[in-house]
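Some notes on the structure that comes next.
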Amino acid sequence: MSHEPRRAGRHFLQIPGPTPVPERILAAMSRQILDHRGLEFQKLGQRVLAGIKTIFKTKGPVFIFPASGTGAWESALTNTLSPGDKVLMCETGQFAVLWAVMAKRLGLDAEVIPTDWRTAAEASVIEKRLREDKAHAIKAVCVVHNETSTGCRTRIDEVRKALDSAKHPALLMVDTISGLACADLRHDEWGIDVTISGSQKGMMLPPGLSFTAVSAKALDAAKTAKLAKSYFAWDDMTSNNATGFFPYTPATGLLYGLAEAIDMINDEGLENVFARHERLAEATRRAVTAWGFEIQCRDPKYYSPAVTTVMMPEGHNADAYRKIVLDNFNMSLGTGLNKIAGKAFRIGHLGDTNELTVLGALTGVEMGFELAGVPHKKGGVLAAMQYIAETAAKPVKAAAE
Ligand SMILES: *Cc1c(COP(=O)(O)O)cnc(C)c1O
């Protein structure tokens, strides 16, 4: 049997999800299994079903399916659409690609707006296409809020305005699997019909839960939608959730963790959580720029607060570099996906992350360049340190002795 030698200290899991799980959540989940039809569970069910709404900024229902985020994609599409329906999608990166593949597999007519993978979904392009669609053949507009492969964040408020200006009745579906609890998301205010997320990114939980926030309009569409669904059907969830229960065995351990995660986020304050992500993302970008590397996201307007995708210089393989970082510094960086495989790597700065986590990660990144012989300028970590120190809360000066 092969045996890896022990590595001291903690592993730096700096991929853009799954993210490290805080001790408080690990402790909350470390419990004996309970009867999911009993009174004790009912209290937990009611607590998480109410609590999760605060994270989505919605008063409407949020379904919690035991599934990865991909399951929530499926629940969004199958509950609201019928075979052959046209959906307008925007290829912002690999996750948008995968969602479109799913739509086609399910028998939908997915029309995909391309991008060069260095920008977000452009509201103006969506609006133009919607205006052309005079017959309202497009039944849904599907966009990824935080494109985890490229580090580009779509402005969902602008996409909403695009639908309104075009006076188009399509449903608006938003994947915020890696955006939730990192970047502001207002399900109700932005008129989103289905918002999709998962547990293992900004929510700081292990993988295994998916979330689907739905509008009244989406629930209405569900009454006539004809795509086949069973496990992910909303009606069974709605009737059971009304009393805090689930139609089948829920992931009870993860729900204890979820209750704790919601408390932690609300204790810190959701807006403070966003501000923390924005600040750590800016520190990361300053390091990348100081090293002389290009950020995959071309337009600062669309910078992601959750992940920074870094383009490798020509002739240097990002995965060979990542291996050197892992072997030497026990840190996992995110790989480049699909057409940027080998050409880019990703630094995750989402979830339970603070100043020194990010600085520690950036230190490993910078030393990794040195060890891998990747040409770079010095001073990236220094630039990040300066920014973090400059933007630190100034302590109230201690009273003179
Ligand atoms: C992680 C991710 C997914 C896939 O979620 P799974 O939980 O792996 O199924 C989809 N979309 C985005 C934007 C993601 O970050």
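The values are calculated or read from the model by the stated rules, or taken from the named source; none is laboratory data. What you see is a predicted model, and the numbers here were worked out from it, not measured in a lab. Quick reminder, even Gly has a Cβ in these numbers, built from the backbone with ideal geometry, and neighbours come from all protein chains shown. Protein only, heavy atoms only, side chains kept; ligands, DNA and RNA dropped before computing areas. Shrake-Rupley method; radii C 1.70, N 1.55, O 1.52, S 1.80 Å.
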Matching option when the condition is more than 26 Å from residue 92 (Cα to Cα) and β-branched (Val, Ile, Thr), among 310, 358, 381
381
So which of 308, 289 is out of contact with any Ser or Thr (no Cβ under 6 Å at 6 or more places or on another chain) and either farther than 30 Å from residue 43 by Cα or in a helix (DSSP H, G or I) (or both)?
289
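Name the residue, out of 39, 34, that is more than 16 Å from the ligand (Cβ to nearest atom), among the hydrophobic types (A, V, I, L, M, F, W, C) and over 18 Å from residue 253 (Cβ atoms). Write out each step before concluding.
Working: 34 fails: over 18 Å from residue 253 (Cβ atoms).
The match here is 39.
Out of the stretch 379-394, which residues are in a helix (DSSP H, G or I) and either within 21 Å of residue 149 (Cα to Cα) or open to solvent by 30 Å² or more (accessible area, probe 1.4 Å) (or both)? Working first, answer last.
Going residue by residue through the stretch 379-394, those that are in a helix (DSSP H, G or I) are 380-390.
Within the stretch 379-394, 382, 385, 386, 387, 389, 390 qualify.
Quick check on the stretch 173-182. Is at least one of its residues touching a Gly at 6+ places or on another chain (Cβ under 8 Å), within 16 Å of the ligand (Cβ to nearest atom), among the acidic types (Asp, Glu) and not in a helix (DSSP H, G or I)?
yes
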Show the residue pairs meeting these rules: Cβ distance below 6 Å; 6+ apart or different chains; first residue within the stretch 17-36 and under 30 Å from residue 147 (Cβ atoms) and in contact (Cβ under 8 Å) with a residue 40 or more places away in the chain; second residue more than 16 Å from the ligand (Cβ to nearest atom) and in a loop (DSSP other than H, G, I, E, B).
20/352; 22/352
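Here is a yes/no grid of residues against (1) open to solvent by 20 Å² or more (accessible area, probe 1.4 Å); (2) at pLDDT 95 or above; (3) over 15 Å from residue 381 (Cα atoms); (4) not assigned by TED's automatic domain parsing to the domain that holds residue 361:
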site	(1), (2), (3), (4)
254	yes, yes, yes, yes
276	yes, yes, yes, no
281	no, yes, no, no
284	no, yes, no, no
291	no, yes, no, no
Name every residue in the stretch 50-72 that is crowded, with 20+ Cβ neighbours inside 10 Å and either among the hydrophobic types (A, V, I, L, M, F, W, C) or outside any helix (DSSP H, G or I) (or both), in order of residue number.
52, 55, 56, 58, 61, 62, 63, 64, 65, 67, 72
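Can you tell which of 121, 103 is farther than 22 Å from residue 302 by Cα and either assigned to a helix (DSSP H, G or I) or within 16 Å of the ligand (Cβ to nearest atom) (or both)? Break it down stepwise before answering.
Working: 121 fails: farther than 22 Å from residue 302 by Cα.
Being farther than 22 Å from residue 302 by Cα and either assigned to a helix (DSSP H, G or I) or within 16 Å of the ligand (Cβ to nearest atom) (or both) holds for just one of 121, 103, which is 103.
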Per the list (1) open to solvent by less than 10 Å² (accessible area, probe 1.4 Å); (2) within 16 Å of the ligand (Cβ to nearest atom); (3) in contact with a Leu (Cβ under 7 Å, 6 or more places away or on another chain), residue check on residue 150 breaks on (3)
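Hey, can you tell me all the residues within the stretch 56-75 that are more than 14 Å from the ligand (Cβ to nearest atom) and over 13 Å from residue 246 (Cα atoms)?
Going through the stretch 56-75, the residues more than 14 Å from the ligand (Cβ to nearest atom) turn out to be 56-63.
The answer is 56, 57, 58, 59, 60, 61.
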Can you tell me which residues in the stretch 183-196 are more than 9 Å from the ligand (Cβ to nearest atom) and either farther than 28 Å from residue 28 by Cα or out of contact with any Pro (no Cβ under 6 Å at 6 or more places or on another chain) (or both)?
184, 185, 186, 187, 188, 189, 190, 191, 192, 193, 194, 195
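Just a yes or no: is a residue in the stretch 61-77 over 22 Å from residue 206 (Cβ atoms) and polar (S, T, N, Q)?
If we filter the stretch 61-77 for residues that are over 22 Å from residue 206 (Cβ atoms), which is where we start, we get 61, 76-77.
Those left that are additionally polar (S, T, N, Q): none.
Looking for residues that are over 22 Å from residue 206 (Cβ atoms) and polar (S, T, N, Q), one finds none in the stretch 61-77, hence no.
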Just name the residue that is surrounded by the fewest Cβ atoms within 10 Å (Cβ to Cβ) out of those in the stretch 342-378 that are within 30 Å of residue 264 (Cβ to Cβ) and among the β-branched types (Val, Ile, Thr).
357
Of all the residues that make up the stretch 164-173, how many are over 19 Å from residue 212 (Cα atoms) and under 23 Å from the mean Cα position of the chain (by Cα)?
0
For a quick check of your reading of the model, give me the residue pairs whose first member lies in the stretch 111-127 and is on the phi > 0 side of the Ramachandran plot, whose second is part of a helix (DSSP H, G or I), with beta-carbon atoms closer than 7 Å and at least 6 apart or on different chains.
117/339; 117/340
